[in-house]
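Heads up: the structure comes next, in structure tokens.
Bear in mind that the values in this text are calculations on the coordinates, not laboratory data. Since the model is a prediction, treat every value here as computed from it, not as a measurement. Using ideal geometry, Cβ is built from the backbone for each residue, glycine included, and neighbour counts are taken over all protein chains shown.
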Amino acid sequence: MRLSVFIASNLEAIMADWVAFARKQQPAAASMDENALRDHGKLILEEIVADMSSPQGEGERQAKSEGNSNATSEHEQQPSRSHARQREQQGFRIEQLVAEYRALRATVLRLWAATPGGAQTEDLEEVTRFNEAVDQAIAESVEVFVGEVDKARELFLGVLSHDLRGPLSAISASAALLARGAPQDARSVDVLFRSVAHMTALLDDLRIYTRQRLGAGFSITAEPLRLDRFVRDTLDEIDAIKTGRMLQMETLGDMQGRWDPRRLHQALSNLVFNAVKYGVASSPIRVALDGRQADEVVLSVHNQGVVIPDDMLERIFDPLVRATAQGGRSDAPPAGANLGLGLYVVREIASAHGGSVEVSSDDSGTRFELKLPRVSRPAGPTGPPAPGL
């Protein structure tokens, strides 16, 4: 009996083994009934049978063995894709999902071999086709499963970054009242304000990261800005939280342009706090503005410190990448560095303005250059707004 015919004729027996195996996947399956355990198993088998019964060339054979079938459907209701989505929602782990497919394969071949006249030497082609179809289904399921897990994680981070702002505002307001009513506690109040500022910076970084990951895009609101005054005010704010570092500023050329002040404040703060964290504590941090070009202004932040290795320079703006703070201060305000998002956010802000950010590091120090078009023209978000962001 051809394997495809055997599967089509014995779906219920095969599904009984599928359910028995799925029931062992604890703790997710503990409270699931038979319908939930069966899920899309029968549809997946029917899809496999249809695949085995269709003509196939050598190129398609190899593509399926690699999980890249040309005939695969991207439709979200594809049984293998729907099964992955459902299992993720039911609490299955990725290894449990893959184990289901392995058990399915073993069950079918075992039952087929036990059937009188079932497996014959000439049926090797059938086994090969079956394995190829299973491999393709696994590839599709894993792809969607991982995507669903990633989506759930990003949604959680987005909601977290949004909802924590309320408690932070309450802490800040309470600290302000305490400062007015108990001047003798100024030191403690200063610690509160610094902590709120650090957490707010982290949430800003996390918000940008989750918006990008969820496809919400990133937009800016450009307005006329005198960059040297703006940078001076930002550095004064940073200096007020007592970083313990000297902040120097240099300017050249025309400082007038159109940028988003809130986003530039975030980008500059991240660059300066990065220099505070990873730079030599006894050296100044130099912020320079070069407006000599007609269509561009360059903002740079330079600090002395350990040379950043070339392999780190290549990915330093990637999200969730952190450098080792050799020679840096462990008590410095991180502003995103502890999540590995600070420099990623700087890159996204530069890109949203139509500009770029670059880094160089050698024995003379580490230098970040934020290149900004003098007139930024926001493109607007590239996708639907992310929930809660």
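Quick notes on this one:
- With the highest mean first, a sort of the peptides 269-281, 24-36 on other beta-carbon atoms found within 10 angstrom per residue produces 269-281, 24-36.
- Placing a label point 7 Å from the Cα of S356 along the Cα-to-Cβ direction, none of the residues of the stretch 249-278 has a backbone N under 15 Å of that point.
- Spin-label model, K42/Q293: points 7 Å from Cα along the beta carbon direction are separated by 6.5 nm.
- Residues of the stretch 221-260 with amide N under 19 Å of a point placed 7 Å along Cα→Cβ from V375: 221-227, 254-260
- Neighbourhood net charge (14 Å Cβ-Cβ; Lys/Arg +1, Asp/Glu -1) for L45: -3
- Peptide ranges 39-49, 87-97 listed from the most packed, as the mean C-beta count within 10 angstrom indicates: 39-49, 87-97
- Residue separation of D233 and S174 scaled by 0.36 nm, minus their Cα-Cα distance, works out to 18.7 nm of gained length.
- Net charge in the neighbourhood of L289 (other residues with Cβ under 14 Å of its Cβ; Lys, Arg +1, Asp, Glu -1) is +1.
- Each label was represented as a point 7 Å from its Cα along the Cα-to-Cβ direction; for A50 and A16 these points are 2.7 nm apart.
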